[in-house]
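Asker: Okay, here's the structure, questions in a sec.
The values are calculated or read from the model by the stated rules, or taken from the named source; none is laboratory data. For clarity, every value in this text was computed on a predicted model and none was experimentally measured. Note: ideal-geometry Cβ built from the backbone for every residue, glycine included; neighbour counts use all protein chains shown. Ligands, DNA and RNA are stripped out before the accessible areas are found, and what is left, the full protein with its side chains, is counted by its heavy atoms. Shrake-Rupley method; radii C 1.70, N 1.55, O 1.52, S 1.80 Å.
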Amino acid sequence: MAAPAVGEEAFSPSVLGTREHWDAAYDRELQTFQDIGDAGEVWFGEESMTRIIRWLEKQKVPLDSRVLDIGTGNGVLLIELAKYGYTNLTGIDYSPSAIQLSEKIREKEGMSNIKLKVEDFLAPSAELSGFEICIDKGTFDAISLNPDDAAAKRKQYVRSLCSVLKPEGFFLITSCNWTKEELLNEFREGFEVLEELPTPKFCFGGRIGNSVTALVFQRKKRRPSILDK
């Protein structure tokens, strides 16, 4: 029997890949924020946000660049980007509770210029386009765990990314489920990898490895079509 293609049968389905799980999780975090003002978990830790901001700074990405946070959750990454000076920030999440939470945190921080929307990235609206930077910290991971045909959803993710990100725009992804080689395969259509960002290393059994992968892709230029003539 032939071996499965890279990533084809990579993960067992999990509730972590379902909307119901995240709705319930953000319902709890929203209640916690209302009770004690705790914004909740920062996915991959604060160092993951610092890593992204340092890369944007190193590349001298203009502060008015259009930035999309895919699966924004509590929106804390956007808050940090706004504090750094970025002015054209949008966060989307398919969980209404996540957007309610991020709106309350935005209000508390006084960052009214951050745009927040309930939106499913796998079915993006027409107005979700023209971004120069797209950021994903864990959303592609969650989609990969969906019990309902995760492979098809991953392919739709890539199509959605191509529709919202400008040609030559940057895509920064942080993953705890995928290796660099697997992500290169998943995003081989329409993207080229620019850089692997440093992440914490661990040592087990005398071997050193990474529990998190962080890559920067660039969307390839659109090839001229005969229809353009």
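Asker: At a 1.4 Å probe, what is the % contribution of carbon and sulfur to the accessible area of region 24-159?
Answerer: So the carbon and sulfur contribution to the accessible surface is 48 percent.
Asker: Do the alpha carbons of any pairs in K115/K180; K117/K220; K58/K137; K60/K166; K104/K153 sit beyond 22 Å of each other, and which pairs?
Answerer: Too far apart for the 22 Å limit: K115/K180; K117/K220; K104/K153.
Asker: Also, quick follow-up: Express as a percent, rounded to the nearest 5, the fraction of DSSP beta bridges in the chain (both residues included) that run antiparallel.
Answerer: 45 percent
Asker: How far apart, in nm, are the 7 Å Cα→Cβ label points at R28 and L63?
Answerer: The answer from the label model is 3.9 nm.
Asker: Here's a follow-up. Tell me what the chain gives for mean residue ellipticity at 222 nm when only DSSP H runs of n ≥ 4 count, each as -39,500 (n - 2.57), the sum divided by the residue total, rounded to 500 deg cm²/dmol.
Answerer: Roughly -11000 deg cm²/dmol at 222 nm, from the helical runs in the chain.
Asker: Considering only protein heavy atoms, what per residue accessible area in square angstrom results for the chain with a 1.4 angstrom probe?
Answerer: Computed with neighbouring chains in place, this is 53 Å² per residue.
Asker: Give me the number: length gained by fully extending A152 to E107, i.e. 0.36 nm times residue separation minus the C-alpha to C-alpha distance, one decimal in nm.
Answerer: Net length gain for the segment: 12.5 nm.
Asker: Let me see the P(r) profile for region 28-149: every Cα-Cα distance counted, bins of 5 Å, each bin given as a percent of all pairs.
Answerer: Values per bin, smallest distances first: 2, 11, 21, 24, 22, 13, 6, 2, 0.
Asker: Let me ask something else. Just the Kirkwood number for region 83-150, please: inverse of mean 1/r across all distinct Cα pairs, in Å, one decimal.
Answerer: Result for region 83-150, one decimal place: 13.6 Å.
Asker: Hey, quick one: spin label on V15, modelled 7 Å out along Cα-Cβ, who in region 129-161 has an amide N within reach, i.e. under 18 Å?
Answerer: The answer is 142-148.
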